[in-house]
Amino acid sequence: QELLEGRTLARALRAEGTLNPEQVGKIATSLLRALAYLHERGITHRNLSTQHVFLSHDRRVLLIDLSRAFDPLEPDSEPMTVTSPPQGGEGVKTTRALAYRAPELSLGGVADHRGDLYSLGVILYEALTGTHPSQTGEDESVQLTDRCQTAPVRLLDTVTRLVARDPAGRPTTA
């Protein structure tokens, strides 16, 4: 166990609105490495959001809270299929979590690594623009290019591919 000093990405975005492209690039690189590590072992996070990205005071970017992760080697871990939004008193927390969930999960699809990649794309999109791609109603690549003119083309291309609505349009690996 380790005591972490810093703040979640959610808290940073509430305070600052957006992050500069250099910061977002560092976050992208760190999270892609973390997801590659998990995915190579067959583990799917299944709950990525800005609440689960921690920015430490010593400049590390950490992926936290694997409580909903699926590990095929863990006997108590089960694949997750979502057929409808959860009901109950979760309210805002549930709505916030759904904003990061891959579109195919709303159609009863099984959560896999492509859903993690979509969620990562939403996180990076939000860090760059201050909004989620589903809130804009327009082509994500157009909005990213218009709103992030100083961002490297490679970063914008990566984010656009990660938030592809069709899982086949996303990268196959982290």
Would you rank Arg101, Arg14, Arg60, Arg147 by solvent-accessible area, highest first, keeping every protein chain in place and using a 1.4 Å probe? Arg14, Arg147, Arg60, Arg101
Length released on extending from Glu5 to Lys26, taking residue separation times 0.36 nm less the Cα-Cα span: 5.7 nm
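What do you reckon, how do Thr44, Thr172, Thr145 stack up by accessible area (1.4 Å probe), largest on top?
Accessible-area ranking of Thr44, Thr172, Thr145, largest first: Thr172, Thr145, Thr44.
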Solvent-accessible area of Ile64, probe 1.4 Å, all protein chains present, reported in Å² to the nearest ten, please. 50
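The values are calculated or read from the model by the stated rules, or taken from the named source; none is laboratory data. Since the model is a prediction, treat every value here as computed from it, not as a measurement. Areas reflect the complete protein model, heavy atoms only, side chains present, ligands, DNA and RNA absent. Shrake-Rupley method; radii C 1.70, N 1.55, O 1.52, S 1.80 Å.
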